[in-house]
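Visitor: Below is the structure I would like to discuss, written out as structure tokens.
The values are calculated or read from the model by the stated rules, or taken from the named source; none is laboratory data. As the structure is a computational prediction, the values presented were derived from the model and not from experiment. Positions of Cβ are backbone-derived with ideal geometry, glycine not excepted, and every protein chain shown enters the neighbour counts.
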Amino acid sequence: MGATPMDGQMIANAFHHAYWGFPLSLYFWLVGGSAGSFVVSTLGWVFGVKKYKPIAFFASNTAIVMLMIVPMLLITDLGKPFRFFHLLMLPSFTHWSAPMAWGVTFILTYPIGMLFYSYFVYFKNERMARICGIAAIILALCTHWYTGVVMQLNPSRLPNHASVAPILFLTGAYISGIGLLNILLWIRNFFVETKKRVRTSILADMGRLMLYGIVFDLFLLGNEFLQMTYGIGEEHTILYDVLLGPFRWPYLYIEIIWGLVVPLIILAIPRINRSRYWVLAASFMVASGVFGMRVWWVMATQFLQGHF
Amino acid sequence: MAGRTYGYNGVPPSKGKKGLKRYAMVVDLRRCTGCNACTAACKTAYDVPLGDWRIWVMEAETGEFPKTKRHVLPRMCNQCDQPTCVRNCPTKATFKHPDGFVLQRYNRCIGCRTCMVACPYNARHLLTEHRRDKRNPRNVADKCDFCIVRVTRGLAPICVASCTGGAMVFGDINDPKSEVARMVAANKTFTLRPEQGNAPQVYYIGLNEPIADPEFAFHHRSEQLHDRYNTFKKNSELGEELAGNIIDTDTGFFGIARQGLHNMINFIATAPAKFFRGLF
């Protein structure tokens, strides 16, 4: 890793905090879960996959609830929480070159779209549900896309500053959303009458959807890390941090092994991937594994650059 | 680079444009003794809170005994011509002055810290709730402003005025007769992290390149510096609120889990107190 200690040592420097921390990681994870759940919700009513229609209402409401926690986290994380209104599309305040300003627009409009969608799904208005679903799914994707962009447009933060970042975020959102939804649907089964219960086959089919996402996520991560092996700038240091250093748990063990590889194996084995508890176990692993990704993605570069 | 401007309220870069001023600084490291007079003067003048700095001095030792050398590097906001912080600020709280200063409007800032994440130089900090003078801004981003209040009154920035070795030179780099322009013309100068594309306007003469390299700073911390940083993270009140500091001596599964939990508990515990701050 670079020069030997004999070449010199830093003996004084200012200390810097990690300016974004665990609350922001949790926020990225919740927004992702919300977007992922909503994607599943629209499968039936927008994309015409009939077997997912019964879970659409529950999935959409789950997405709404998850998105309701988000502003509380974000606003509380501000230095001046009561000034959040500076972000609310006031022409004199909003700075349109800032990705955070785009995000506020999405966070404000996305739940409204979901509420309309839920309303029409509840009253089984096929046409309006489809129209609102299309609008809301675009907003869902944009909402999570912007979270990736907020991290991406920091040129000095190296693994974040990659064009693959928003797609990685979206893929993580998709798989963690399905994972969370699977677990919530299973819990819901204990509280609803028999005919409304979600069949294991639906859970297993959602597991299959998750499997595609996992493969794509691993592919993207593989590409990202392949590039980082060239070691431009601080890339080698980041590789060290996430493979052997302080972030090995969030990245290597929690995200990669626990959150992607093990679920991939579970969901790829023919009979096991139709078994309810194996699918639920894989869902839990994926949902928690993506949280590991949010943690190292937000904090690894801030940890590294805190020393400069 | 033709007219790249950051943000809709952005002011285009003024370096090298006729009729415009572009204030810049040259730090002659051959003359810098690392006395920290600049740090102390700035801290005192602007009531910079404990643990934060508008200007600070990095120090490194290289070589092997008896052939050792001490390198110093005063660091501050580089008042970039293409400031990422300005582009990423969602409320136009930070902006560029036509004369080149990158400034902060405390009454607009919401404390989202996106500018701090965007800055490649770590030149920004969040002001704490506890200021020596309560009338001073709190819980918003702050930075070095090249002492605009002094410069507009014909004085040099306080770090320049206090520099004991005469290492810091300040002036309008667009004016070829100014000392800054002459020094830049006559010497080989370096800027920090030029590859970031920010067009920094603090020039260094005699820069030791390893010390200006973030990787070097990370991998070559002395043990004492390492310990002090971890102690700082453990004890900082502001750090508890920001809830993102990781202490790298405890990073096993339980260590990371404990730190994550600790940070979230701190975040929730400080939430009620900070919620109504914006009103006052």
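Visitor: Taking the condition of being at pLDDT below 95 and over 19 Å from residue A:152 (Cβ atoms), how many residues in segment A:278-308 meet it?
Guide: 3
Visitor: Restricting attention to segment B:84-105, and to residues there that are assigned to a loop (DSSP other than H, G, I, E, B) and under 18 Å from residue B:17 (Cα atoms), which single residue is nearest to the chain's Cα centre (by Cα)?
Guide: B:101
Visitor: Name the pairs whose Cβ atoms lie under 6 Å apart, with the first residue in segment A:78-95 and among the basic types (Lys, Arg), the second modelled with pLDDT of 80 or more and in a loop (DSSP other than H, G, I, E, B), and 6 or more positions between them or separate chains?
Guide: Once the first residue is among the basic types (Lys, Arg) and sits in segment A:78-95, its partners that are modelled with pLDDT of 80 or more and in a loop (DSSP other than H, G, I, E, B) give A:80/B:110; A:80/B:111; A:80/B:139; A:83/B:110.
Visitor: Scan segment B:162-177 for residues that are in a strand (DSSP E or B) and of a type outside the set (A, V, I, L, M) and jot them down.
Guide: If the condition is that a residue be in a strand (DSSP E or B) and of a type outside the set (A, V, I, L, M), then B:170, B:171, B:172 are the ones that fit.
Visitor: So residue A:83 fits all but one of (1) surrounded by 23 or more Cβ atoms within 10 Å (Cβ to Cβ); (2) within 13 Å of chain B (Cβ to nearest Cβ); (3) within 15 Å of the chain's Cα centre (by Cα); what number is the exception?
Guide: (3)
Per-residue answers, yes or no, for (1) surrounded by 22 or more Cβ atoms within 10 Å (Cβ to Cβ); (2) farther than 30 Å from residue B:238 by Cα; (3) at pLDDT 95 or above; (4) away from chain B (no Cβ under 14 Å):
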{"position": "A:1", "(1), (2), (3), (4)": "no, yes, no, no"}
{"position": "A:7", "(1), (2), (3), (4)": "no, yes, no, no"}
{"position": "A:11", "(1), (2), (3), (4)": "no, no, no, no"}
{"position": "A:26", "(1), (2), (3), (4)": "yes, no, yes, no"}
{"position": "A:34", "(1), (2), (3), (4)": "yes, yes, yes, yes"}
{"position": "A:45", "(1), (2), (3), (4)": "yes, yes, no, yes"}
{"position": "A:75", "(1), (2), (3), (4)": "no, no, no, no"}
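Visitor: While we're on this one: If we keep just the residues of segment A:230-240 that are crowded, with 18+ Cβ neighbours inside 10 Å and of a type in the set (Ser, Thr, Tyr), which is nearest to residue A:302 (Cα to Cα)?
Guide: So the residue we want is A:237.
Visitor: Here's a follow-up. Look through segment B:95-110, keep the residues that are closer than 17 Å to residue A:85 by Cα and surrounded by 24 or more Cβ atoms within 10 Å (Cβ to Cβ), and return whichever of them is farthest from the other protein chains (Cβ to nearest Cβ).
Guide: Looking at residues that are closer than 17 Å to residue A:85 by Cα and surrounded by 24 or more Cβ atoms within 10 Å (Cβ to Cβ), I get B:109.
Visitor: Out of (1) within 14 Å of chain A (Cβ to nearest Cβ); (2) loosely packed, with under 15 Cβ neighbours inside 10 Å; (3) touching a residue at least 24 places away in the same chain (Cβ under 8 Å), the odd one out for residue B:132 is which?
Guide: Result: residue B:132 fails condition (1) only.
Visitor: Confirm whether residue B:127 is out of contact with any Gly (no Cβ under 7 Å at 6 or more places or on another chain) and surrounded by fewer than 19 Cβ atoms within 10 Å (Cβ to Cβ).
Guide: Taking the combined requirement at face value, the residue does not satisfy it.
Visitor: Find the residue count for segment A:241-263, including only residues that are crowded, with 19+ Cβ neighbours inside 10 Å and assigned to a helix (DSSP H, G or I).
Guide: 12
Visitor: Still on this structure, I have one more. Restricting to segment B:263-280, name every residue that is more than 9 Å from chain A (Cβ to nearest Cβ) and modelled with pLDDT of 90 or more.
Guide: Once the filter is applied, which keeps residues that are more than 9 Å from chain A (Cβ to nearest Cβ) and modelled with pLDDT of 90 or more, segment B:263-280 yields B:265, B:266, B:269.
Visitor: If you don't mind, there's one more thing I want to ask. Can residue B:140 be described as among the aliphatic types (A, V, I, L, M) and either within 14 Å of another protein chain (Cβ to nearest Cβ) or under 30 Å from residue A:149 (Cα atoms) (or both)?
Guide: For residue B:140, the condition - among the aliphatic types (A, V, I, L, M) and either within 14 Å of another protein chain (Cβ to nearest Cβ) or under 30 Å from residue A:149 (Cα atoms) (or both) - is met.
Visitor: I'd like to know if segment A:45-64 contains one or more residues that are closer than 22 Å to residue B:268 by Cα and out of contact with any Leu (no Cβ under 8 Å at 6 or more places or on another chain).
Guide: Scanning segment A:45-64, I find no residue that is closer than 22 Å to residue B:268 by Cα and out of contact with any Leu (no Cβ under 8 Å at 6 or more places or on another chain), so the answer is no.
Visitor: Can you pull out the residues in segment B:197-254 that are without any contact (Cβ under 8 Å) to a residue 24 or more places away in the chain, closer than 18 Å to residue B:73 by Cβ and more than 9 Å from chain A (Cβ to nearest Cβ)?
Guide: B:209
Visitor: Restricting segment B:153-189 to residues that are surrounded by fewer than 17 Cβ atoms within 10 Å (Cβ to Cβ) and within 22 Å of the chain's Cα centre (by Cα), which is nearest to residue B:33 (Cα to Cα)?
Guide: It comes out as B:165.
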